[in-house]
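The values are calculated or read from the model by the stated rules, or taken from the named source; none is laboratory data. Quick caveat: nothing in here was measured; it's all calculated off a predicted structure. Note that we place each Cβ from the backbone using ideal geometry, even for glycine, and neighbour counts take in every protein chain shown.
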Amino acid sequence: MIAARLASAPSSQTSTTFGYPGATPSVSANGTTNGILWAVENSGTAVLHAYDARDLSQELYNSNQAASARDQLGAGNKFITPMIANGRVYVGTTNGVAVFGMLH
């Protein structure tokens, strides 16, 4: 029998502070490679963050980066969990669903 335990210290962490009510992260990957941790910061304007799953200090994307506020989510919503399917990230908002993916 293996006694699985959580480490007492994090192996990696981001400098982003996720205030109340915190964040519920989701992970996407291509098998065992290219892992991305997705989390929504529920501040005045919600922000979708993407981090390198092996090194959370490396932010790959956030929805406030695009010019002209193109990717902004609007007002935050409690208990947002990003869902990943078919190369897109879906985020519930206060009045709909935001869909993130590659621009063509």
Residue tally, condition modelled with pLDDT under 90 and farther than 15 Å from Thr16 by Cβ, over region 74-97:
11
Checking Ala23 against (1) small (Gly, Ala, Ser); (2) surrounded by 15 or more Cβ atoms within 10 Å (Cβ to Cβ); (3) not in a loop (DSSP other than H, G, I, E, B), which test does it fail?
(3)
Can you name the number of the only condition in (1) free of Cβ contacts under 8 Å to residues at least 40 places away in the same chain; (2) surrounded by 12 or more Cβ atoms within 10 Å (Cβ to Cβ) that Val89 fails?
(1)
